[in-house]
Amino acid sequence: MQIKNSVALVTGANRGIGAEFVRQLKARGASKVYAASRTAGTAEGSEGVEQVVLDVTDDAQIRAVTVPAGDVDLLINNAGIASGAELLSGDIDTVRHELETNLFGVLKLTRAFAPVLAANGGGAILNVLSAVSWLTARGASSYAMSKAAAWSLTDATRLELADQGTQVVGLHVALVDTDMTAELDAPKSSPTTVVAAALDGIEAGATEVVADELTARIKTSLGLSPAERYAS
């Protein structure tokens, strides 16, 4: 689909990648962008941008947002958290909340907006995933599990929504220079570059966007045994 004249809803739109999605969608000619975040007034505001209060773990808020946003034909599931919890030693409620946000939040938004997208011609969904969908790491095992599950969800969604003509895109990316990664001393991609690649992919009809070289290398290792992948 084309971004120009589209109507998009972006979750987690108050900062980082989400705020950059809002900016670039408008720059590319989207007619309206619903900028959704958990706190009123924190998402970027400009002409054609409507701020929406939305916690992706709140069922009532998800149901409510489909009413004013009934014209959406592009859903960008960007909201996410990274707790740093380990699966075996971390607090189980923290792990559960990460899954509720990064996996079930995406699922619930997709279920809520699938009929909206169908009514508006099919449209597209983009899910912001991660390089750790494919290669977990100590200090991020809970996050990696949630993103690996979200990758599977993305593929399942693509199959289930094929008949209504909805394009479903997975965006895989390693570290991005945002507040979430501010304390990590490692190479990072810019939000500008990542979002541009994602929107180019949507417009090109892609089903997957691999946004940086590290993520591309990790993907090529999937055919190796676990011992080989984690030794490389």
C-alpha center-to-center spacing [the range 88-162, the range 195-231] in angstrom: 16 Å
Long-range amide H partners of residue 126 with built H, under 5 Å: 75, 76, 77, 169
Ranked 38, 229, criterion: other C-beta atoms within 10 Å, fewest first: 229, 38
Option label - log10 I(q)/I(0) by the Debye sum over Cα atoms at q = 0.10, 0.11, 0.13, 0.15 Å⁻¹ computed here, alternatives [x] -0.45, -0.55, -0.78, -1.08; [y] -0.55, -0.65, -0.85, -1.03; [z] -0.42, -0.52, -0.73, -0.99: [z]
FRET efficiency for residue 88 and residue 156, using Cβ-Cβ distance with R0 set to 35 Å, rounded to 0.05: 0.80
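How do 93-100, 123-130 rank on mean C-beta neighbours within 10 Å, highest first? Numbers along the way, then the final one.
Working: 93-100: 16.2, 123-130: 26.0.
Ranking, from highest mean packing down: 123-130, 93-100.
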Computed over the chain: relative contact order in percent, which uses C-alpha pairs under 8 Å that are six or more apart: 18 percent
Label-reachable residues, the range 14-40, where backbone N falls under 11 Å from a point 7 Å from residue 4's Cα toward its Cβ: 28-30
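With charges only on Cβ, +1 for K and R and -1 for D and E, what is the dipole size of the range 7-231 about its Cα centre, in debye, rounded to 20? If you can, show how the numbers build up before the last one.
Working: 17 positive and 27 negative charges, 40 e Å.
Once rounded to the nearest 20, the dipole reads 200 debye.
Quick check: residue separation of residue 196 and residue 118 times 0.36 nm, minus the Cα distance between them. What number comes out in nm?
Numbers: separation 78, 0.36 × 78 = 28.08 nm, distance 2.56 nm.
That pair, residue 196 and residue 118, stretches by 25.5 nm at full extension.
Can you tell me how the range 27-156 classifies by the Cα gyration tensor, rounded, prolate or oblate, using a/c under 1.5 as the rounded cut? Mind showing how you got there, number by number?
Values: a/c = 2.04, a/b = 1.76, b/c = 1.16.
It comes out prolate by the Cα gyration axes.
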Charge dipole of the chain about the Cα centre (unit charges at C-beta), most positive-ward option of 224, 74, 104: 74
Residue among 115, 49, 205 farthest towards the positive dipole end of the chain, charges placed on Cβ: 205
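Estimate the FRET efficiency between residue 207 and residue 231 by the formula 1/(1 + (r/R0)^6), using the beta-carbon distance for r and 25 Å for R0, to the nearest 0.05. Walk me through the numbers on the way to the answer.
Values: r = 30 Å, r/R0 = 1.21.
It comes out at approximately 0.25.
Every number in this text was worked out from the coordinates using simple rules, so none of it is lab data. Keep in mind that this is a model prediction, so the values were computed, not measured. Positions of Cβ are backbone-derived with ideal geometry, glycine not excepted, and every protein chain shown enters the neighbour counts.
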